[in-house]
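Q: Would you mind keeping the following structure in view while I ask a few things?
Please treat every number below as a calculation from the coordinates, not as lab data. All values derive from a computational prediction rather than experimental measurement. A quick note on method: Cβ atoms are made from the backbone with ideal geometry, for glycine too, and the neighbour counts reach across all protein chains shown.
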Amino acid sequence: MPETCLLVVDIGNTNISLGIFDYANGKGELAHHWRLSTHRDQTSDELAISLHSLFDHDGRRIDEVTDIILSSVVPPMLPVWERVALKLFSLPPLVVGPGIRTGMPVRYENPHEVGADRIVNSVAAYETFGGPIIAVDFGTATTFDCISRNGEYMGGVIAPGIHISMEALFERASKLHRVEIARPRSVIGKTTTGALQSGLLFGYAGMVDAMVERILPELGEDSRTIATGGLARKISEESRLIEQVVPFLTLEGLRILFEKNR
């Protein structure tokens, strides 16, 4: 049994990402990871059942968990998950928010406006790659978080996410239909499906590159750009400036913050 078993939970607007880090000799390794849909009306009992099922499916026991850390951008969900932690694990969770030690000065005019997930990603990006660095997260929103050479959170950019844009288009244009976000045969679409796929995939890749090009003069021309989130791999394949995809950046960031605060 690992000396420490850390459960990390990131509550997003669309999905909840979870992971288990097993510690041996002081080093935490991601052993399991899961994703749940975010349902704002879900009760702590329903979430507890879902967690039990996930643990059982991967042969893990609830009583193995020794520590929990939570981050959330959905305020109503946070107390529900705090109840889950106490009910299921008998543990008070560490919550990412005011008062937590991050080791990262926040140069926002109002630091409390910065979403917990953005700080988590920024800490992970800087600890892993150093700075200056741009972390692009393809979630409900597409966010660009900018970290200086000295490890300061400088701010960033928030744009509508690709799925949000797609749903808005389909709601307003009755003759357009939902499509898989995949690479079309050509930029010039020969079908409505191809045209939509081109606009979504190539359009968002172009937006990312254009935003990074505008950020570089302010952050530093030697800044690296990494990406995370569900569509990071597909977008990065069409981007000139994304250097690396880090699928579990947020989970790793939660691990790092746990280690800074335990």
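Q: When the chain is fully extended, how far beyond the present Cα-Cα distance does residue 210 get from residue 15, taking 0.36 nm per residue of separation?
A: 67.5 nm
Q: Shifting gears a bit: Kirkwood Rh over alpha-carbon pairs of the chain, then Stokes-Einstein at 37 °C and 0.692 mPa s: what D in µm² s⁻¹, rounded to an integer?
A: Estimated via Stokes-Einstein, D reaches 168 µm²/s.
Q: Let me ask another. Relative to the present Cα-Cα distance, how much length would full extension add between residue 164 and residue 150 at 0.36 nm per residue of separation?
A: On the way: separation 14, 0.36 × 14 = 5.04 nm, distance 3.42 nm.
This chain segment gains 1.6 nm when fully extended.
Q: Restricting to Cα pairs below 8 Å that are 6+ residues apart, what does the relative contact order work out to for the chain? Please round to a whole percent. Don't skip to the end; give the middle numbers.
A: Numbers: 455 pairs, mean separation 45.8, N = 262.
It rounds to 17 percent for the chain.
Q: For the stretch 77-159, what's the relative contact order in percent, using C-alpha pairs closer than 8 Å and at least 6 residues apart?
A: The normalised contact order for the stretch 77-159 reaches 23 percent.
Q: Counting other Cβ atoms within 10 Å of each Cβ, which trypsin sites (Lys or Arg not before Pro) in the stretch 132-179 have at most 16 and sit in a DSSP loop?
A: 149, 175, 178
Q: On to the next question. Beyond 20 Å, how much of the Cα-Cα pair distribution for the stretch 16-160 remains, as a whole percent?
A: Of all Cα-Cα pairs in the stretch 16-160, 55 percent lie more than 20 Å apart.
Q: State the percent of C-alpha pairs, over all pairs in the stretch 3-53, separated by a distance greater than 19 angstrom.
A: The share of Cα pairs beyond 19 Å in the stretch 3-53 comes to 33 percent.
Q: Same structure, new question: Which whole-number percent is the relative contact order of the stretch 4-95 (Cα, under 8 Å, 6+ apart)?
A: 32 percent.
Q: How far apart, in nm, are two points set 7 Å out from the Cα along the Cα-to-Cβ line at residue 176 and at residue 61?
A: Taking the simple label geometry, residue 176 and residue 61 are separated by 5.3 nm.
Q: Can you give me the orientation-averaged projected area of the convex hull built on the Cα atoms of the stretch 111-249, in nm²?
A: That works out to 8.7 nm².
Q: Starting from the 7 Å offset along Cα-to-Cβ, what nm value, one decimal, do you get for the label separation of residue 100 and residue 40?
A: A separation of 2.2 nm, rounded to one decimal place.
Q: If you add up the charges near residue 94, with Lys and Arg at +1 and Asp and Glu at -1, over every other residue whose beta carbon is less than 14 angstrom from its beta carbon, what do you get?
A: Charge balance in the 14 Å sphere: 0.
Q: Is the C-alpha gyration tensor of the stretch 194-261 telling us rounded, prolate or oblate? Criteria: a/c under 1.5 is rounded; beyond that, a/b larger than b/c is prolate, otherwise oblate.
A: The shape class here is oblate.
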